[in-house]
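Since every read-out is calculated from the coordinates, none of them should be taken as a lab result. A quick note: this is a predicted structure, and the numbers were derived from the prediction, not measured. Cβ: placed from backbone, ideal geometry, glycine included. Neighbour counts: every protein chain shown.
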Amino acid sequence: MSTGLGTEDRKRLGVRVLTPEGPVYEGDAAMVIAPSVEGEVGILPRHAPLIADLRIGETRIRTLADEVHAFATTEGYLSVEDDQVLVLVEHAEPADSVDRARAAEALRQAEEALAAAGDDDQAREAAERAVRRAQSLLRVADMGAGERRESREGRPLENGDTPGLG
């Protein structure tokens, strides 16, 4: 049975990461890993249609050139259909744009807010969310540092490539 797709087309995903401010990533990929509320979900070409709720975490996109683009993402949705992946989130910050010192300070402040929340459920929930967001930013910042190190030591950047952005 022929699908009408060439062999190359069946080995790639079209990926879009969108926020209310606009697209953060658009391009082809070999794989997408996203933080669903049920655990991480890995998407490869020819994946069955899927809609998933996303939690705060790290979304990773492995390109056809075997580079990984990592994003600190907030809650949202992921949709997969016909080898097209759409990630809709409130915020998505690329690894190479995360200010590690700012994220560490945000984590410190969020932990203080959590300690001060006491019996206030709403304040506790907001502080817990802020802690998860800051932790995600720190993990993605570390991923970005690894990408930059690999690019300097492994292969030279070409045509003004920026690690983590492509």
When the range 66-90 is checked residue by residue, the ones that are in contact with a helix residue (DSSP H, G or I) (Cβ under 8 Å, 6 or more places away or on another chain) and assigned to a loop (DSSP other than H, G, I, E, B) are 67, 74, 83
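Residue-by-condition table, conditions (1) more than 27 Å from residue 130 (Cα to Cα); (2) among the β-branched types (Val, Ile, Thr); (3) touching a residue at least 40 places away in the same chain (Cβ under 8 Å); (4) surrounded by 14 or more Cβ atoms within 10 Å (Cβ to Cβ):
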| site | (1), (2), (3), (4) |
| --- | --- |
| 17 | no, yes, yes, yes |
| 27 | yes, no, yes, yes |
| 41 | no, yes, no, yes |
| 45 | yes, no, no, yes |
| 61 | no, yes, yes, yes |
| 68 | no, yes, yes, yes |
| 86 | no, no, yes, yes |
| 110 | no, no, no, yes |
State yes or no: is residue 52 buried (at least 17 other Cβ atoms within 10 Å of the Cβ), of a type in the set (Gly, Ala, Ser), over 9 Å from the mean Cα position of the chain (by Cα) and over 19 Å from residue 93 (Cα atoms)? yes
Is it true that residue 103 is surrounded by 15 or more Cβ atoms within 10 Å (Cβ to Cβ), among the hydrophobic types (A, V, I, L, M, F, W, C) and without any contact (Cβ under 8 Å) to a residue 12 or more places away in the chain? no
